[in-house]
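Encoded as structure tokens, the structure appears first; notes follow it.
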């Protein structure tokens with residue numbers, strides 16, 4: 001069994017989805033072609049369009065936060081780091097769509113904030129910054 005087939009959570013970007021599926025479509029059908037029986041959560045990040053999520057029971061999307069982008073370096077890493085900090089202690093989040101959407105909004109806020117500064121590591125937001133963006137601040 002490949003590492004891919006052992007993964008519980010997989011995150012791909014829209015460009016990675018196109019590469020892995022061999023087509024230009026970025027839609028639910030293309031994303032679900034990556035699904036395997038051991039998978040619990042599949043995410044497709046869409047840059048300034050947010051992300052799509054897929055589980056065994058539900059799927060949907062979360063919109064991006066609109067910020068003044070300076071540099072996109074590290075945005076995906078920031079998104080994944082934020083996601084993992086929330087689900088590592090409570091994997092049941094993946095089974096509750098409302099809670100998952102809340103976590104994905106947090107992850108999108110972290111990714112968005114990262115794009116407002118140059119560089120990857122210096123641009124990573126604090127939890128306070130991410131929560132402020134979630135509440136409508138900047």
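Quick one: plug the Kirkwood hydrodynamic radius of region 3-134 (C-alpha pairs) into Stokes-Einstein at 20 °C, 1.002 mPa s, and report D in µm²/s.
Result for D is 143 µm²/s.
Where does each of 126-136, 74-84 land if you order them by average Cβ count within 10 Å, highest first?
74-84, 126-136
Between residue 72 and residue 102, what is the label-to-label distance in nm when each label sits 7 Å out along the Cα-to-Cβ direction?
Each label point lies 7 Å from its Cα, and together they span 3.1 nm.
If you take all C-alpha pairs in region 34-107, what percent of them are over 14 Å apart?
Percent of Cα pairs beyond 14 Å in region 34-107: 60.
Can you give me the distance in nm between label points at residue 2 and residue 48, each placed 7 Å from the Cα along the Cα-to-Cβ direction?
3.3 nm
Please give the calculated 222 nm ellipticity per residue for the chain, where each DSSP H segment of at least 4 residues contributes -39500 (n - 2.57) and the sum is spread over every residue; nearest 500 deg cm²/dmol?
-11500 deg cm²/dmol
Taking the number of other C-beta atoms within 10 Å as the exposure measure, put 66, 36 in order starting with the fewest.
With the fewest neighbours first, 66, 36 line up as 66, 36.
Taking 7 Å along the Cα-to-C-beta vector as the label spot, tell me the residue 27-residue 9 distance in nanometres, rounded to one decimal.
In this crude spin-label approximation the distance works out to 2.9 nm.
Taking only Cα atoms and a 10 Å spring cutoff, compute GNM fluctuations for the chain and point out the largest among 26, 113, 94.
Maximum among the listed residues: 26.
So in region 3-134, what percent of DSSP beta bridges are antiparallel if you round to the nearest 5?
DSSP beta bridges in region 3-134 are roughly 60 percent antiparallel.
The numbers here are math on the coordinates, done by the rules we state, and not lab data. Predicted, not measured: the structure shown is a model, and the values here were computed from it. No Cβ is skipped: glycine too gets one built from the backbone with ideal geometry, and neighbour counts run over all protein chains shown.
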